[in-house]
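Before any comments, here is the structure.
The values are calculated or read from the model by the stated rules, or taken from the named source; none is laboratory data. Just so you know, these numbers come straight off a predicted model, no measurement behind them. Using ideal geometry, Cβ is built from the backbone for each residue, glycine included, and neighbour counts are taken over all protein chains shown. We work out accessible area using only protein heavy atoms, side chains counted, and drop any ligands, DNA or RNA first. Shrake-Rupley method; radii C 1.70, N 1.55, O 1.52, S 1.80 Å.
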Protein chains: 2
Amino acid sequence: MPFGYNGKILRVDLDRGSISIEEPDENVYCRYLGGGTFALYYLLKEFKPKSDPLGPENILVFIGSVISGTPAVGLSRFSAAAKSPLTNAFGEAEAGGWWIPELKFAGYDAVIIKGRANHPVYLWIHDGEAEIKDARHLWGKFTKETQEEIRKELRDEHIRIASIGPAGEKLVRVACILNELKHANGRTGLGAVMGSKNLKAIAVRGNKRMEVADEEAVRRITKWLRDTYEEPYFSIGNLGTARVTVMLSEQGILPTFNFRQGSFEGAEAISGETMSKTILVRRGTCYGCFIRCKREVRVTEPYLVDPIYGGPEYETVAAFGSMCGIDNLKAISWANQLCNAYGLDTISTGGLISFAMECYENDILKSTDTGGLDLRFGNVEAMIKMVEMIGKREGLGDLLADGMSLAARKLGKGAEGFAMHVKGMPLPFHEPRGKVGVGIGYAVSPTGPDHMEFPHDPFWATDAGISLLRPLGILEPVDVFDLGPKKVRLFVYLQQYWDLLNSLGICMFTAKPFGPHTFNEIVDYVKAVTGWETSLFDLLKVGERHANMARIFNLREGLTSKDDILPERLFQPMEGGTLKGKKIDQEEFLKAIKTYYQMMGWDPESGVPKKEKLAELDLDWLIDYAPSLFS
Amino acid sequence: MPFGYNGKILRVDLDRGSISIEEPDENVYCRYLGGGTFALYYLLKEFKPKSDPLGPENILVFIGSVISGTPAVGLSRFSAAAKSPLTNAFGEAEAGGWWIPELKFAGYDAVIIKGRANHPVYLWIHDGEAEIKDARHLWGKFTKETQEEIRKELRDEHIRIASIGPAGEKLVRVACILNELKHANGRTGLGAVMGSKNLKAIAVRGNKRMEVADEEAVRRITKWLRDTYEEPYFSIGNLGTARVTVMLSEQGILPTFNFRQGSFEGAEAISGETMSKTILVRRGTCYGCFIRCKREVRVTEPYLVDPIYGGPEYETVAAFGSMCGIDNLKAISWANQLCNAYGLDTISTGGLISFAMECYENDILKSTDTGGLDLRFGNVEAMIKMVEMIGKREGLGDLLADGMSLAARKLGKGAEGFAMHVKGMPLPFHEPRGKVGVGIGYAVSPTGPDHMEFPHDPFWATDAGISLLRPLGILEPVDVFDLGPKKVRLFVYLQQYWDLLNSLGICMFTAKPFGPHTFNEIVDYVKAVTGWETSLFDLLKVGERHANMARIFNLREGLTSKDDILPERLFQPMEGGTLKGKKIDQEEFLKAIKTYYQMMGWDPESGVPKKEKLAELDLDWLIDYAPSLFS
């Protein structure tokens, strides 16, 4: 009997309405651990290349890890993964909450869904059992009503539900999946994949507890994590992730007015501090976490914001705030709630609206296109309206619901110059011109621009910061503007580290540089839970596997090194803010990308992983699944 | 004040007769640790490329590590390093004994010697002091007399002395350095480098003890290593390294008659078991080691073998036994003593004699060349005589003393076909046709064919063996005859591991798969001693640094990927023994070498490390020291 995990994954075939159980070999768990890496193992084997991401051929995976559901802080995260309908590449998004521990307690490590049900259904997984249930009565409902009705009909208030809202049903390509109404598998449009399968929700409940190999060590480490944790200056426990808003604005790296500038006059008004003083009713949290970074806010007028939907994270504040030129925290909270009710990714949605605003101000969009909306930056009501229009695919919202790349192409007239996306996915709100490693991350991240690809440059620009990387053997700080090989190396190692956290389902806010988990303690914890004689060397190889597998997936879908780019604007001087005039040197950037390929063991031109690298990582089986890349 | 090391290295300039102390930055210790890696740091910076290895420009380094001299088992090893006069490449050899702990107790981590004294001298290092002393009276003396005289004149029986014998003085290119008369820095001819500098010996004595960061952890791990150690079947504590002789012969991989066959009829007679039953008087050992694998043998007739010179290791048994067709353990012990007295590497010396025997049997050498010696395989007296002739550079010995490559070229008439060497250095006695990873190691090892480049294939061909590599993430056994990418990966990782042991001065016989040290415990021990928050990831990068630095050193000396070869015989069927008919497939072998380059991050054709790999390893400073490789 394995320790830490169940050794069972649930296979659901919605075409046939059948369910089966698979028991992967222990070595599969050792090599892939969980998260995107484990998902990629199945996607690469079973997804028919270049199939329609919104067709029944797409495979949707929900997976935690070999340690999720055990007691240490921060093990609440899981990945949803499939081919993305937004990027047409590897799609993956992580969420916290309570869903994945509950799935593990129900006896499964993962759920893999194929096909398309012939009418709306939901999955009900409980104590080793699983059923496909009718969801016709839930179709069209917001996430809150969906959750309420499922709990009511299954007569259990403690059921954990991951569901889509109307946006996912309507195949909005920036739709997300939510559990507990506020924990989102946000990016890459996986809500639309779920919708395309006529799958409204997955409800889980279990009473099992996870066995661990060394109870005493698990208890000791869990306690140590709690006892030694001190909230650092940049931590987000007390004031939520939005606590960074003012700091970023002062540093000139708060994306504002669609990345035209990096400081926002209204930063203070939309900050975590202001939120705490005004609308916050509770600090929310996830399974087993004492940091409690989540927000629960209440607004009674002019919008009715219900704390059950949580509250805005930093990304959401920037999305609907600085990006749209809006300094109204109540409106931002309402937009957040709309996104959580409709099942929309706040980052992509805010990015799309900001893009539309710039198009509008440049006469690329006219009021005839917007249904009369005066879509200027700063227009609160227009922003709110646009969220709903995207969620419903109404009017201009229908165009935007197909994603930024397609929308910009359809609009023409220079709209592409305002389209701040990579691989079709809108940028999250971290300004690469002020921390250039973020630019590398945006360009090469297999899931499109991803602020969670690695912890950002400023952490490693000081002696105190770099000392956290001692276990990686990095001994000297690297400047935030440095795009040379030392920055690339930092990125390569940290990408492996962050991909490892992803594979283990560890919340990044609970790991260094943010939280209590350290490199070496993570190793000790995985050992204690699984009984495996692992090491940091071994675990970081899993992170490296993730990057290589995702790369192969994308190349097989037809992406090339030409897709590892940045929007043109980032090579132009910033128009305002503290860093006005700063830009990324394009030549240096292109060189950094090649350096990245080389350091990864990939061909420096094509970015195709070398066979030898794949063999080193025990990934040579992939060659048979993407033969044309290696012929 | 650093923990585990002194932070001081001794610089000796024999041209000027001056001594100085250098205090390297802590980061130098972190990145290079010690051993060959630390030595290469200085050689790459200070050795003038392509200088004569026997000229005053050569730089001779003696170095332990940041943990040598602390209490755990197996920390007795140190490296001597310089440009090799045998391979004209990076020369390095490790020895155990008591010398390096004593140097650390005397206050220094390393000794770096340049120039050439104008008459024989020795170094006397004691309690932070250092002197260059006259050694004219010691010149020409055997190691034993040298040791006795130095101890007498310095009036301290506990002084530890590393010295050369007459062979080093005469610049025999297979001369070694010995401490305590029996612990040899054996290979790559460093005794000749010492001789070329007119440096007879380095005597050390100190009373300091090394401070460690975490006394309690050091004590706990030291005790754990002792308490949990159980001698495994292949271990060499009880019966010495020669215990493998019969087993290797039965498996067909005991090099016999100059690698013509792999089984030897007389194996039993020259085995560790026979040694124990007949001539062994004591099990010897090194500083702090409870395994006691060293032999001390006594023979009274027909040779007078003194236990003070130790006893033959497996390599020596094979060198003068199976390789020369000799089943006489007394004669082998005498040859061993002659080597230790003259200061000759037993492996190279035995290899040279075996080569000469095959030349003699094929009429390439005639009795006029041998001074009348009937140099047939199996002729005991001829073998003994040849050892002395090489040590004294007499007759045919003078030719052989210049190394196998030169000797074969001078002899012509097909002698090169019998010359079992790589890069000019005779092969040690492990048969690559029966464990093909050894072939990769022989070919690519920067110091010439080296059986200590990694633990050999048979250990990893079973589930029990491979389970030891769990911390490296290697989960499946690899067959001994497999030359594919999985074998190369095994080699790459294990080379890093073995290079790490070298950099830490850990005796390989005290580490897995032989001894008690495990991957993860080594990390814990280094942490406990130094206080550094290191990891297996970080430490293996030091091993990777070693391979890259040595590679650059060699390329800078003019070696190319064409030097990463094997003697032609290994691609031919074995002529006898259990594995008769087995050969290495040349095409597979060449492919494996390319795979090795690729996995190392080197150019697959030239084998030049890529700039990006160097930057990753913080070795980009090397580019300035070998600009032509990177232009």
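Here are a few things to note about the model shown:
- Normalised per residue, the accessible area of the stretch B:306-367 is 18 Å², obtained with a 1.4 Å probe and no contribution from ligands, DNA or RNA.
- In the stretch B:470-519, burial by the other protein chains removes 40 Å² or more of 1.4 Å probe accessible surface, compared with the chain on its own, from B:Arg470, B:Pro471, B:Leu475, B:Glu476, B:Lys486, B:Arg489, B:Tyr493.
- Label point of A:Ile21 set 7 angstrom out along Cα-Cβ; within the stretch A:115-144, amide nitrogens under 19 Å from it belong to A:123-133.
- When B:Asp618, B:Asp369 are compared by accessible surface with a 1.4 Å probe, the order from highest to lowest is B:Asp369, B:Asp618.
- Computed over the stretch A:551-631, the Cα gyration tensor eigenvalues convert (square root of 5λ each) into semi-axes of 34, 13, 9 Å, ordered from largest to smallest.
- Debye log10 I(q)/I(0) at q = 0.22 Å⁻¹ for the stretch B:207-293, Cα point scatterers: -1.07
- At least 10 Å² accessible surface lost relative to isolated chain, residues of the stretch A:593-623 (1.4 Å probe): A:Thr595, A:Gln598, A:Met599, A:Lys610, A:Glu612, A:Ala615, A:Glu616, A:Asp618, A:Asp620
- Charged side chains reduced to their Cβ positions (Lys and Arg at +1, Asp and Glu at -1) give the stretch B:9-205 a dipole of some 660 debye around its Cα centre.
- Net length available on complete extension from A:Glu230 to A:Val28 is 69.1 nm, with 0.36 nm assigned per residue and the Cα-Cα distance removed.
- Between A and B, roughly 3300 Å² of accessible area is buried in total, ligands, DNA and RNA not counted and the probe set to 1.4 Å.
- The trypsin sites (Lys or Arg not before Pro) of the stretch B:534-608 that meet both conditions, a loop assignment by DSSP and at most 13 other Cβ atoms within 10 Å of the site Cβ, are B:Lys580.
- For the stretch B:436-629: rounded, prolate or oblate by the Cα gyration tensor [a/c cutoff 1.5]: oblate
- Cα gyration tensor shape of the stretch A:26-177, rounded if a/c is under 1.5, else prolate or oblate by comparing a/b with b/c: oblate
- The loop-placed chymotrypsin sites (Phe, Trp or Tyr not before Pro) in the stretch A:33-119, going by DSSP, include none that has at most 16 neighbouring Cβ atoms within 10 Å of its Cβ.
- Dividing the Cα radius of gyration of the stretch A:1-84 by 2.2 N^0.38 Å, with N the residue count, gives 1.16.
- If the segment from B:Glu265 to B:Asp13 were pulled out straight at 0.36 nm per residue, it would be longer than the present Cα-Cα gap by 85.5 nm.
- Net lengthening on full extension, B:Glu216/B:His119 (0.36 nm per residue, minus Cα-Cα): 30.0 nm
- In this rough spin-label picture, where each label sits 7 Å from Cα along the Cβ direction, the B:Tyr303-B:Glu533 distance is 5.6 nm.
- The protein assembly as shown - share of DSSP beta bridges that are antiparallel (%, nearest 5): 75 percent
- Residue-wise HN-Hα couplings along the stretch A:214-225, as the Karplus relation 6.51 cos²θ - 1.76 cosθ + 1.60 with θ = phi - 60° gives them from phi, are 9, 3, 5, 5, 4, 5, 4, 5, 4, 5, 4, 4 Hz; Gly and Pro carry x.
- Rounded percent of accessible protein surface that carbon and sulfur make up, chain A, 1.4 Å probe: 48 percent
- Tensor-based shape of chain B (alpha-carbon gyration tensor, a/c under 1.5 rounded, otherwise prolate or oblate): rounded
- Across q = 0.14, 0.19 Å⁻¹, the stretch B:384-478 modelled as identical point scatterers on its alpha-carbon atoms has Debye log10 I(q)/I(0) values of -0.65, -0.92, in the order of the q list.
- Solvent-accessible surface (1.4 angstrom probe) belonging to A:Tyr32, in square angstrom, nearest 10: 10 Å²
- Test item: Cα-centred dipole of the protein assembly as shown, Lys/Arg +1 and Asp/Glu -1 on Cβ, debye: 100 debye
- Top positive-direction residue, dipole computed over the protein assembly as shown with Cβ charges, set A:Leu566, A:Leu154, B:Met194: A:Leu566
- Links that overshoot a 24 Å alpha carbon limit, given the list A:Lys527/A:Lys613; B:Lys541/B:Lys594; B:Lys366/B:Lys410; A:Lys582/B:Lys610; B:Lys423/B:Lys583; B:Lys144/B:Lys294: A:Lys527/A:Lys613; A:Lys582/B:Lys610
- The stretch B:107-248 - Debye-derived log10 I(q)/I(0), Cα point model, q = 0.20 Å⁻¹: -1.10
- The GluC sites (Glu not before Pro) of the stretch B:534-631 that meet both conditions, a loop assignment by DSSP and at most 10 other Cβ atoms within 10 Å of the site Cβ, are B:Glu605.
- Zone of A:Asp624's modelled label, taken as backbone nitrogen in the stretch B:469-491 under 17 Å from a point 7 Å along Cα→Cβ: B:485-486
- Accessible-area order (highest first, 1.4 angstrom probe) of the listed residues B:Phe491, B:Phe234: B:Phe234, B:Phe491
- Modelled spin labels at B:Met247 and B:Glu575, positioned 7 Å past Cα toward Cβ, are 2.8 nm from each other.
- For chain B, a crude dipole built from +1 on the beta carbon of Lys and Arg and -1 on the beta carbon of Asp and Glu, taken about the Cα centre, is about 600 debye to the nearest 20.
- Only Cα pairs under 8 Å and 6+ residues apart enter the sum, and on that basis the relative contact order of chain A stands at 16 percent.
- In the full protein context, the stretch B:477-631 carries 31 Å² of accessible surface per residue, based on a 1.4 Å probe and ignoring ligands, DNA and RNA.
- In the stretch A:503-597, one over the average inverse separation of all distinct C-alpha pairs is 17.0 Å, which is the Kirkwood hydrodynamic radius.
- Across peptide B:530-542, the average count of Cβ atoms from other chains found within 10 Å of a residue's Cβ is 6.
- Given charges at Cβ of Lys, Arg, Asp, Glu: the stretch B:236-419 dipole, positive-most of B:Ala318, B:Gly351, B:Ile279: B:Ile279
- FRET efficiency estimate (nearest 0.05) - Cβ-Cβ, A:Ser631 to A:Lys583, R0 30 angstrom: 0.15
- Taking the charge dipole of the stretch A:436-629 about its Cα centre, with +1 at Lys and Arg Cβ atoms and -1 at Asp and Glu Cβ atoms, the residue from A:Ala550, A:Phe514, A:Ala461 reaching farthest to the positive side is A:Ala461.
- Coupling constants for the stretch A:619-624 follow from the phi torsions by the Karplus curve (6.51 cos²θ - 1.76 cosθ + 1.60, θ = phi - 60°), and in residue order they are 10, 5, 4, 4, 4, 5 Hz; glycine and proline get x.
- Gyration tensor over the Cα atoms of the protein assembly as shown: the corresponding equivalent ellipsoid has semi-axes (square roots of 5 times the eigenvalues, largest first) of 65, 30, 27 Å.
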